[in-house]
Amino acid sequence: MTTAAVTSRVERLASSGIQLIPKEYVRLQEELTNMGNVFEEEKNNEGPQVPTIDLGDIEAEDEAVRERCRNELKKAAMEWGVMHLVNHGISNELINRVKVAGEAFFNSPVEEKEKYANDQASGNLQGYGSKLANSASGQLEWEDYFFHCAFPEDKRDLSIWPKTPEDYIPAASEYAKQLRGLATKILAVLSVGLGLEEGRLEKEVGGIEELILQMKINYYPKCPQPELALGVEAHTDVSSLTFILHNMVPGLQLFYEDKWITAKCVPNSIIMHIGDTIEILSNGKYKSILHRSLVNKDKVRISWAVFCEPPKEKIILKPLPETVSETEPPRYLPRTFAQHIDHKLFRKTGGAVEKNQSTEDNKSPEDNQPREDGKRS
């Protein structure tokens, strides 16, 4: 562990008593829209609101009840690409265990966390880290994180998972296993929504054997100038699906209908994003929404993001034939997942998203070897 590694942690910087953030954390002027007090913004009931989908009836015996639930999910995926999932089948007790374990890790001294530090320079991105500067923007993000593969079991490296608290490994393992089952249910509904067989989309993103779940715990310390900083800058997720828990501190913003909207905190919910992979396969019928994370002066925000990602090289991502027609030609070039990461199809230009452009705008720690560009909200 080097001194430079320790001093680079945002947590240490935030706890140093500074009143002004270093210039490398100050965002560009065009990024500073709708970055007011996040607690006040969350109270705003005017305008569009992120949809809440009750999954309690997703497998109901009554066909009409079942179809109503599935149609609501399909509509949210097409119009928003993000939603709060409630009655999702994962117990509050397990979710609480995951949160308690993650918070306990980040509440440990920085020196203890440094035992799990990743080595971004060598391409080892699993473990404890902070964003490094990159040539794409030059700005840094106000967050530290812990990142690792969570599922399937044979692809995990438990040696880099936190040993304390003791419940971290069993809680995170069981949560990832249950999320994998939820992903199957969601992908089945989205498949049928495109007129495909239930198992089609899951097959196209790797199936039971190849779909990988990556967990990233984002730790956003209190920030003395939250109106100038971002926890995670604007991006779309490269994943198939992303599932997010948080500690009920607001901060997620979505770019919807040409403006930034702050998501409310919905108790006992899991936030789900449609990722670029599903947008590409659906030829744009399902949306991968531009989003970012705000920070605040008063409360630490923590989020637990799990990204369901296809294998990097084995699958060619392109619009499925059933989604293409003379009036709806293919909107995306064929690429492997690795190529999509390298030539990101979605880039932010002020407030807009342009397609089929090369950028380094949306990299997770795992996504961007050897560059580190940590976009995981």
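Summing charges over all other residues whose Cβ lies under 9 Å from the Cβ of G275, with Lys and Arg as +1 and Asp and Glu as -1, gives -4. Largest first, the extents of the alpha carbon coordinates of the chain on the three principal axes equal 57, 44, 42 Å. Listed peptides 221-231, 159-169 appear in the order 221-231, 159-169 once ranked by packing, highest mean of other Cβ atoms within 10 Å at the front.
Helical runs (DSSP H, four residues minimum) scored at -39500 (n - 2.57) apiece and divided by the length of the chain put the mean residue ellipticity at 222 nm at -7500 deg cm²/dmol.
Take the Cβ atoms of E30 and A104, set R0 to 45 Å, and the FRET efficiency comes out at 0.70. Extension gain, V65 to K23, is 9.7 nm, computed as 0.36 nm per intervening residue step minus the present C-alpha separation.
Legend: calculated FRET efficiency, S8 to K222, from the Cβ-Cβ distance at R0 = 25 Å, rounded to 0.05, equals 0.90. Taking the charge dipole of the chain about its Cα centre, with +1 at Lys and Arg Cβ atoms and -1 at Asp and Glu Cβ atoms, the residue from T323, I18, L32 reaching farthest to the positive side is I18. Note on the chain: with a GNM built from Cα contacts shorter than 10 Å, the maximum mean-square fluctuation among I186, I302, I208 falls on I208. Per the Debye formula with a single identical scatterer at each Cα and no solvent contribution, what log10 I(q)/I(0) holds for segment 204-318 at q = 0.17, 0.24 Å⁻¹? Log-scaled intensity ratios, in q order: -0.87, -1.38. The modelled label-to-label distance between E166 and S91, using points 7 Å beyond Cα along the C-beta direction, is 1.9 nm.
The peptide list 335-343, 323-331, put in order of mean Cβ contacts within 10 Å with the highest first, becomes 335-343, 323-331. If R0 is taken as 35 Å, the Cβ-Cβ distance between Q49 and S122 corresponds to a FRET efficiency of 0.20.
Of L290, L158, L241, which has the largest mean-square fluctuation in a 10 Å C-alpha GNM of the chain? The residue with the greatest mean-square fluctuation here is L158.
Restricting things to Cα coordinates, could you compute the convex hull volume per residue of segment 15-59 in Å³?
On the way: hull volume 9.5 nm³, N = 45.
In segment 15-59, the Cα hull volume divided by residue count equals 211 Å³.
The charge dipole of the chain, taken about its Cα centre with unit charges on the Cβ atoms of Lys, Arg (+1), Asp and Glu (-1) only, comes to about 620 debye. DSSP assigns beta bridges within segment 3-355; of those with both partners inside it, close to 95 percent run antiparallel.
Counted as membrane-span-like here are DSSP H helices of the chain whose alpha-carbon atoms extend 20 Å or more along the helix's own axis and whose Kyte-Doolittle mean is -1.0 or above; these are 92-107, 168-193. Of the residues S282, A104, M248, the one whose Cα sits farthest towards the positive end of the charge dipole of segment 3-355 is A104 (charges of +1 on Lys and Arg Cβ, -1 on Asp and Glu Cβ, taken about the Cα centre).
Every read-out reported here was derived from the displayed coordinates using simple, explicitly stated rules and does not represent laboratory data. All figures in this text were calculated on a predicted structure; none of them were measured in a lab. Cβ coordinates were reconstructed from backbone atoms using ideal geometry, including for glycine residues, and neighbour counts include every protein chain displayed.
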